[in-house]
There are 2 protein chains.
Amino acid sequence: MKTENLEKIRHSTAHLLAAAALELYPGTKLTIGPAIENGFYYDFEFQHAFSEEDLPRLEKKMQEILPTWQSFSHREVTANEAKEFYKDNVYKLELINEIVEKGEKITFYKSGEFEDLCRGGHSENPSKEIGAFKLLSLAGAYWRGSEKNTMLTRIYGTAFSTQKELDEHLVLLEEAKKRDHKKLGKDLGLFVFSDAVGKGLPLLTPKGSVVRRILERFIVDEELKRDYLHVYTPDIANLDLYKKSGHYPYYKDSMYAPIKIEDEEYMLRPMTCPHHFELYLSEPHSYKDLPMRYAELAHLYRFEQSGELTGLQRVRTFTLADAHIIARVDQAEQMVNEVLDLIEYIASAFQLDKGTDYHYRLSLGNRADDKKYFKDDLAWDNAENVLRAVLEKRKAHFVEATDEAAFYGPKIDVQMKNVNGKEDTAFTVQYDFVMPKRFDLSYINEEGVAAQPIVIHRSSIGAIERVMAFLIEKYAGAFPTWLSPVQAVVLPISDKQLDYAEKVYKALKEEGIRVELDDKKEPVGAKIRRATLQKVPFLCIIGDKEKQQAAEGGLDVVSLRLRDGSDGGVITVPDLVKRVQTDIEKKL
Amino acid sequence: MKTENLEKIRHSTAHLLAAAALELYPGTKLTIGPAIENGFYYDFEFQHAFSEEDLPRLEKKMQEILPTWQSFSHREVTANEAKEFYKDNVYKLELINEIVEKGEKITFYKSGEFEDLCRGGHSENPSKEIGAFKLLSLAGAYWRGSEKNTMLTRIYGTAFSTQKELDEHLVLLEEAKKRDHKKLGKDLGLFVFSDAVGKGLPLLTPKGSVVRRILERFIVDEELKRDYLHVYTPDIANLDLYKKSGHYPYYKDSMYAPIKIEDEEYMLRPMTCPHHFELYLSEPHSYKDLPMRYAELAHLYRFEQSGELTGLQRVRTFTLADAHIIARVDQAEQMVNEVLDLIEYIASAFQLDKGTDYHYRLSLGNRADDKKYFKDDLAWDNAENVLRAVLEKRKAHFVEATDEAAFYGPKIDVQMKNVNGKEDTAFTVQYDFVMPKRFDLSYINEEGVAAQPIVIHRSSIGAIERVMAFLIEKYAGAFPTWLSPVQAVVLPISDKQLDYAEKVYKALKEEGIRVELDDKKEPVGAKIRRATLQKVPFLCIIGDKEKQQAAEGGLDVVSLRLRDGSDGGVITVPDLVKRVQTDIEKKL
């Protein structure tokens, strides 16, 4: 089924939901109801306390109305007509005024008895094309996403052309729910939020912090091996720095307000580029010094509306595995190639498949749009050709997107799919020919003359917080051993084996294995269940048999059980250590 | 010589400097001139452009006047008399008004012909007691340290009772100058400042970042071994959090202004305590869970006046190796003991001697001062006894300081001496019985009843930036191998050995050694000098002899030279690798 048709079906079903809501609950104020990825929503202001229990009633009413929707018709209306129609609805009135301001036409779309302010994009015959639909969930949503406005009731739903497609989608949703990183983060004790600390500011628990520390060290060590120069630069800077870089007008709305220190204004930094340029500028360079690959695990701060904040996925401060490669033009192609090598290496360590889990998108500028893109046609052509050539030579599957570049040059977006099948730009590789001019970056070339380098802005994995959200969902919380917060748990069957269990626990700990001892006074079945729910890879069960065997054989042993429930047999402690260490080494 | 007498000598010499300045440059405005650690200063407003060349003239004039200063006399004057005397001096007038406001007496002190507004504290007979003095340096200094005021000329000097003491001190100063971390930081390329980024915000270069990364990982790994729970928490938080903690009124002046995000106010955090408490509060705890040692490499932000900023020593944002141990009261003594064990272990890794490089100070509260210290006499007694008992049982040399505690309890200060002999509180171990109440921290005790824990606030090493400043000066830039940004450099004598030099370079790099290849077209002497100035521990010289020997013997060899100039003889590459790795392992 074509995406376009699916969108029409879903948009039509949103109208159907609005019609049902109005019929069942007269006085309900309609606002907007777009098709979104995987479904649609509609935001209502109800006159009663709407609850989950209302959803089946609404669904039933929608089923009743649907057969009467044989077509969609539309008409153009004047502003006055539209305002008269919606005279009791402040939301629609606001929308109408905006349409008028833009000088656009006002259109009403109608199917059956229901008519709504709309721009169109519906099924021709909803009763035939909407094969199956379902209302999925409820949420509070501020009008236009702003906390200052009224809180509305948002109803999410989805629709398909066949019941079979809907059923398959619902199975997928059920699976995704189990993998939801916000739920797993709580169940596995990986991170928490605190109202006192504030919105969009996760606190990583000791367990969540293990995952983050390992991720960070893995990335830094790998980049160091590849000749990146890892640095530490401050996460606040003078506002003038962002005026100089030209970022300020573009990023103003996503930056936090300035802080006055003595007579100057300082900003929480939204990006690292100018800091790295200042480091480059602190000494002279020759052509032999290039490329210089400045890298940093950079704390960045970008404003997100409170309604948009989502677990570790969308936060108000995050840590980007960032880098800026300052290179000669003739090195550009090799640099981009190296970056893609690194990205693919790191992705493979997380068992991500290129093509299925992620793919590349080449985002191009628009020569005609001087406001959005820096004017330099030749530089754009060169840069776009370099990026395209790299992708083609690597035989990488990629799509091209126009009008998606940065203001300073084209980029390769790394597009990742999460467990909901939703595709997002996880991070980017950008070719920049503007910043070197703005910051007057230069080097002395082979002829002894000052020349201008180019800059590649890139991440190797994206923001650590987002990576964590992604990986929690990908692994459904069952991290591979090298990333597991707890790699092994020692479970004595009773207090009689406690001394021996402690000995095993200490032996594993001394080998650097992240191990816990469960000495609670509970049946071992309960302990096994708890450790399995916590998704610990290695469960070391210790009863009289194991204690006895150790006493006789000289080597300590445990009965191994894996988190998938399978039996690992009796194993000596040194063999277990070796097994865990091998997993870690192989990133399993 | 008693400190008190030395202070009197120096304070008297400051008067002598003022007298000479006034005589040589009539119209000069006097401000203040206190004795400080290791000397004195006087701040002047000169009517001419004062320069270094004026110092010898001043010194000569001081020598001329000194014999006439046989005593100090003083008299009390009225406010009007004082104001009349200083009618052309806005600085002294400001001081006089403040004395009046406080209801204190106004006194003038006189020796020879010179009289100055002063509180006293001079030598009885300056001409006899001031054995030797010297003017050392010039600096700009804002009146009262504030950027908004006039910039004055500060003249630093020192004085002793004998010439011999002065000479010894000057030798020490010369040595300290060579070790100054700001100078070495520049010479060795460890960090830079950028006007564009802002004041007090150092940017660590790739080399400085190596040192920091190793320090950080060393501390984190050591703390993890000792059962600390390392976490990551956000470096901004809602202002209300600091109101709840009670920090706000005490720390307001050292916090940056709030940032408005939607309808809330957020602060750059000045400390980590409340974040860790919120983590503790995110789940219930039993007596078995305690102690819980939350630790973090925490980005903190505290306001410093621009005039006070000094290299990496005093900055506007820093990273503290912070921790909060939440423990039962009966565990307090053991916890403090463990913390001191850790501090001493880490100090020993940096070859710091307890007693000479650092010592402990027990800082006590003042039961009478309810404003400065939380009122709870019993809790203060208990806490002070715990800290004193730990120090006594360890037979640690320590001094007691009254009225130096935190508002929530007493503390052990770790006092460190820098290369100038200046003693500072590097970091602290604090016993806190107030925060647990404020945050309602609790655990279920053995009887099943909710009980209140105590909190130990502590660092294990202090702020990473300050540690770096301290270590740069301690090692005079010659970091031990495990901390060296570059551990080895390969120096081919000519291009004829370049291929072989590259082979050696690659072999060392593959073993994880931080190595550089100096392939500049220069005499090897110049290369050796550069590497020695850069304080690289291992210089690997490669000539025809070494290349030949390698070709014959099968094993690659280099001629080793150490940064102290000593000859390390011919060594095989595998032996060199082993030697470097052993140094790293032993933290040499």
- prompt: With the Cα gyration tensor of segment B:270-409 giving a ≥ b ≥ c as the square roots of its eigenvalues, does the rule (a/c under 1.5 for rounded; else a/b larger than b/c for prolate; else oblate) give rounded, prolate or oblate?
  reply: rounded
message: Suppose we keep just the DSSP beta bridges with both residues in the protein assembly as shown; what percent of those would be antiparallel, to 5?
response: 85
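If you keep only loop residues by DSSP, which trypsin sites (Lys or Arg not before Pro) in segment A:548-588 have at most 11 other Cβ atoms within 10 Å of their Cβ?
Hits after loop and neighbour filter: A:LYS586.
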Position A:GLY189, label points 7 Å along Cα→Cβ, spacing to each other copy in nm (shortest first, one decimal): 4.7
query: If we hang a label 7 Å off Cα along the beta carbon direction at B:LEU562, how far is it from the matching labels on the other copies, in nm, shortest first?
result: 5.3
- request: Under 11 Å from the Cβ of A:THR162, count the other residues' Cβ atoms, weight Lys and Arg +1, Asp and Glu -1, and hand me the total.
  value: -3
- prompt: Ignoring any ligand, DNA or RNA, what whole percent of the accessible area of the protein assembly as shown comes from carbon and sulfur when the probe is 1.4 angstrom?
  reply: 49
message: Just to verify a number: FRET efficiency for A:ALA526 and B:ASP499, C-beta to C-beta distance, R0 = 60 Å, to 0.05?
response: 0.35
statement: Once the in-chain neighbours fewer than 8 apart are removed, the lysines whose Cα is under 29 Å from A:LYS372 read A:LYS102, A:LYS105, A:LYS243, A:LYS244, A:LYS252, A:LYS411, A:LYS417, A:LYS422, A:LYS437, B:LYS260
- request: Per DSSP H run of at least 4 residues, take -39500 (n - 2.57); add these up for chain A, divide by its residues and hand me the 222 nm value, nearest 500 deg cm²/dmol.
  value: -11500 deg cm²/dmol
message: How shielded is B:189-200 by partner chains, expressed as the average number of their Cβ atoms within 10 Å of its Cβ atoms?
response: 6
- line: Output field shielding_mean for A:263-274 (other chain Cβ, 10 Å radius) holds 2
message: Please give the Cα centre distance for segment B:51-121 versus segment B:213-288, rounded to the nearest Å.
response: 48
message: How large is the accessible surface of B:GLU4 in square angstrom, using a 1.4 angstrom probe and rounding to the nearest 10?
response: 110
statement: Interface A-B: total buried accessible area (1.4 Å probe, Å², nearest 100) of 5000
field: Inter-copy spacing of A:GLN548 label points, which lie 7 Å from Cα along Cα→Cβ, given in nm from shortest upward
entry: 7.4
message: If you average the alpha carbon positions of segment A:149-170 and of segment B:1-33, how far apart do those two centres end up, in angstrom?
response: 83
field: segment B:32-118: GluC sites (Glu not before Pro) falling in loop per DSSP and having at most 15 other Cβ within 10 Å
entry: B:GLU37, B:GLU52, B:GLU53, B:GLU104, B:GLU113
statement: Taking Lys and Arg as +1 and Asp and Glu as -1, residues besides A:GLU104 with C-beta under 13 Å from its C-beta add up to 0
- line: Among residues of chain A, the one whose beta-carbon sits nearest the axis that rotates A onto B, given with its distance in integer Å, is A:ILE259, 3
query: Hey, can you rank A:289-297, B:257-265 by average C-beta count inside 10 Å, highest first?
result: A:289-297, B:257-265
query: When all protein chains stay in place, what accessible area (Å², nearest 10, 1.4 Å probe) is found for A:LYS8?
result: 70
statement: Percent relative contact order for segment A:421-544, counting Cα pairs under 8 Å at least six residues apart, stands at 24
- request: Give me a single rounded figure for B:240-246: the average over its residues of other chain Cβ atoms within 10 Å of their Cβ.
  value: 2
task: Please tell me the relative contact order of segment B:96-215 in percent, rounded to the nearest whole number, where contacts are Cα pairs under 8 Å and at least six residues apart.
output: 13
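Taking a ≥ b ≥ c as the square roots of the eigenvalues of the Cα gyration tensor of chain B, is the shape rounded (a/c under 1.5), prolate (a/b larger than b/c) or oblate? Please list the in-between numbers first.
Numbers: a/c = 2.11, a/b = 1.16, b/c = 1.82.
Since a/c reaches 1.5 but b/c is at least a/b, the shape of chain B is classed as oblate.
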query: Counting pairs on different chains as well as pairs 8 or more places apart, how many Lys pairs in segment B:154-238 have Cα atoms under 19 Å apart?
result: 8
Nitroxide proxy distance, nm - points 7 Å out along Cα→Cβ at B:LYS506 and B:LEU300: 4.8
message: Net charge within 14 Å of B:ALA450 by Cβ-Cβ distance, Lys/Arg positive one each and Asp/Glu negative one each, not counting B:ALA450 itself?
response: -2
Segment A:205-364, relative contact order in percent, only Cα pairs under 8 angstrom and at least six apart counted: 20
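The values are calculated or read from the model by the stated rules, or taken from the named source; none is laboratory data. All figures in this text were calculated on a predicted structure; none of them were measured in a lab. All Cβ positions, even for glycine, are placed from backbone atoms using ideal geometry, and neighbour counts span all protein chains on display. Please note that ligands, DNA and RNA were not included when accessible areas were found on the heavy atoms of the full protein model with its side chains. Shrake-Rupley method; radii C 1.70, N 1.55, O 1.52, S 1.80 Å.
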